[in-house]
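Chemist: Quick one: this structure, given as structure tokens, is what I'll be asking you about.
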Amino acid sequence: MDRVIADFDNGIRKYAHIEPPDLKNKEQVTKMWKKLSRVPHYYDKLDLMPGAERGVAALFEMLGEDLEILTGVPNPTRGLPTASDDKRIWMRRKFKQKIVVNTVLRAEKKNFCTGKDCILIDDNEQNIEEWEAAGGTGILFKDWSQVLDVIPEICARFR
Ligand SMILES: [Mg+2]
């Protein structure tokens, strides 16, 4: 969801007033979460990523209720206890389609994989690697036109 459907990075700029951190820099990441924990309902404040509205609608048209959101929430120690609820409320408000939202810790995403025909679209390389290691099909997100380009061919493999 973050950096695919929801513009997490721009939210950091807008509400924490800092540049998005280098995710490998622990100090910067800790500072970011500290700032975001002071923004009430941060995840419910985010803007859509470019192309996300049209992209999600197109996927829903192809997949119907097989389309689900699998999204990571911050570790409880980060102090954003409403993250899961905020993400669900945000999805409901931004999209008229009824889409299930699964919220998990990032490291648990791979546990949702049920086989090769289970496709994960994610901007995080580690998530894609773990998903494929679990036997699924991964799409490393660049932008929505890339996703809509490759999805029909990938789905056709499983029909
Ligand atoms: Mg993401």
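Please treat every number below as a calculation from the coordinates, not as lab data. Bear in mind that the values here come from a model prediction, so they are computed numbers and not experimental data. Here the Cβ positions follow ideal geometry from the backbone for every residue, glycine too, while neighbour counts run over all protein chains shown.
Chemist: Suppose we filter Val100, Val104 for residues that are in contact with a Leu (Cβ under 9 Å, 6 or more places away or on another chain), of a type outside the set (D, E, K, R) and surrounded by fewer than 13 Cβ atoms within 10 Å (Cβ to Cβ); which single one remains?
Modeler: Numbers: Val104 fails: surrounded by fewer than 13 Cβ atoms within 10 Å (Cβ to Cβ).
Only one candidate qualifies: Val100.
Chemist: What pairs come out if I take residues in segment 1-28 that are under 18 Å from Phe95 (Cβ atoms) and pair them with residues that are more than 14 Å from the ligand (Cβ to nearest atom) and in a loop (DSSP other than H, G, I, E, B) whose C-beta lies under 6 Å away, six or more apart or interchain?
Modeler: Once the first residue is under 18 Å from Phe95 (Cβ atoms) and sits in segment 1-28, its partners that are more than 14 Å from the ligand (Cβ to nearest atom) and in a loop (DSSP other than H, G, I, E, B) give Asp7/Asp47.
Chemist: Scan (1) within 30 Å of Arg159 (Cα to Cα); (2) surrounded by 16 or more Cβ atoms within 10 Å (Cβ to Cβ); (3) away from the ligand (no atom under 16 Å from the Cβ); (4) not charged (D, E, K, R) for the single condition Gly64 breaks and write down its number.
Modeler: With respect to (1) within 30 Å of Arg159 (Cα to Cα); (2) surrounded by 16 or more Cβ atoms within 10 Å (Cβ to Cβ); (3) away from the ligand (no atom under 16 Å from the Cβ); (4) not charged (D, E, K, R), Gly64 is out only on (2).
Chemist: If Ile89 meets every condition in (1) assigned to a loop (DSSP other than H, G, I, E, B); (2) farther than 22 Å from Val150 by Cβ; (3) of a type in the set (A, V, I, L, M) apart from one, which number is that one?
Modeler: Unmet condition: (1).
Chemist: I've got another one for you. Taking segment 107-159, which residues are under 25 Å from Leu48 (Cα atoms) and part of a loop (DSSP other than H, G, I, E, B)?
Modeler: Those that are under 25 Å from Leu48 (Cα atoms) and part of a loop (DSSP other than H, G, I, E, B): Cys118, Asp123, Asn124, Phe141, Lys142, Asp143.
Chemist: Moving on to the next point. If I go through segment 74-97 residue by residue, how many of them are within 13 Å of the chain's Cα centre (by Cα) and surrounded by 20 or more Cβ atoms within 10 Å (Cβ to Cβ)? Steps first, please.
Modeler: Initial filter on segment 74-97 (within 13 Å of the chain's Cα centre (by Cα)): 74, 83-84, 87-88, 90-91.
From what is left, the residues that are surrounded by 20 or more Cβ atoms within 10 Å (Cβ to Cβ) are 83, 87, 90-91.
Looking only at that region, the number is 4.
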